[in-house]
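Report on one structure; see the data block that follows.
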Amino acid sequence: MNKKSLFYLFSAFIIAYMVFTAGSCNETVVPPPTPVRDTNVVVFDTIIVSEYFDDNSFSAVDLYEGKLIKENIIPQTKDIQLRDSNGTRNNFFFRSGDLAKRNPGFLTKFGVVSLNMKRKQFDTLTKIPNASSPPDTLYDFTYDPTITPYYFNPYDTTKQCISFYLKGRFPYGLNGYRRIFGMFLVDSVYRTGVLPDTIKVRIKVKINKDGKNNFKQYL
């Protein structure tokens with residue numbers, strides 16, 4: 001092969017390489033799809049409930065909105081109340097909001113998921129593990145008289161995970177006649193240590209507003 005042929009061959013190679021690399025540079029990079037949030041699944045990371053002293057205590061919780069409720073607020077939207085079982089400040093429990101002696105709230109039914117669950121375990125839960133899909137309102141939430149079945153106290157290191165059904169909200173169509181299910185973790189129980197020395201209970205809540213046993217935040 002003479003020098004002229006080599007020159008043409010080399011030139012053709014250079015042109016082909018330039019065309020190839022130019023095409024590669026112009027390729028469209030498709031970004032990954034943006035995760036879509038399920039608006040029916042809501043997580044309330046930290047709700048700190050105070051023990052009951054009087055009607056000004058923030059000892060009730062609106063689980064639908066994930067907010068504390070004073071005992072004397074009207075209209076009442078409380079779903080659960082924190083109560084001392086015998087006045088010794090050692091055994092606390094949550095009871096249904098409709099059991100309030102004054103300004104009763106909504107009926108809430110409970111079930112037990114675990115008596116000792118770590119926060120990381122709760123964070124990964126995508127369904128009530130011992131409930132049907134969708135949850136069975138009769139058999140999956142069976143504790144009467146609608147109180148959490150086991151006490152907790154400031155000296156207890158276990159973390160209870162409780163499932164719930166906001167039964168009292170359903171007849172009023174407050175959620176478009178869709179049932180509301182959820183879980184909460186009793187994350188910690190502690191004393192403030194400052195007068196008045198108050199018991200506080202920190203809970204983390206997950207709810208599904210679409211009547212499903214699903215707690216995945218993204219579709």
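Bear in mind that the values in this text are calculations on the coordinates, not laboratory data. Because the structure is predicted, anything quoted here is derived from the model rather than measured. As a convention, Cβ positions derive from the backbone with ideal geometry for all residues, glycine included, and neighbour counts pool all protein chains shown.
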For region 76-121: rounded, prolate or oblate by the Cα gyration tensor [a/c cutoff 1.5]: oblate
Cleavage-rule hits (chymotrypsin sites (Phe, Trp or Tyr not before Pro)) in region 84-156: DSSP loop, at most 12 neighbouring Cβ within 10 angstrom: 139, 155
12 Å beta-carbon shell around residue 185, net charge (K/R +1, D/E -1): +4
Packing-based exposure ordering (other Cβ within 10 Å, fewest first) of 215, 44: 44, 215
Peptides ranked, highest mean first, by Cβ atoms within 10 Å: ranges 194-200, 177-183: 177-183, 194-200
Positive minus negative residues near residue 126 (Lys, Arg vs Asp, Glu; Cβ under 13 Å): +2
Average Cα contact separation per residue, region 131-219, under 8 Å, 6 or more apart, as relative contact order %: 28 percent
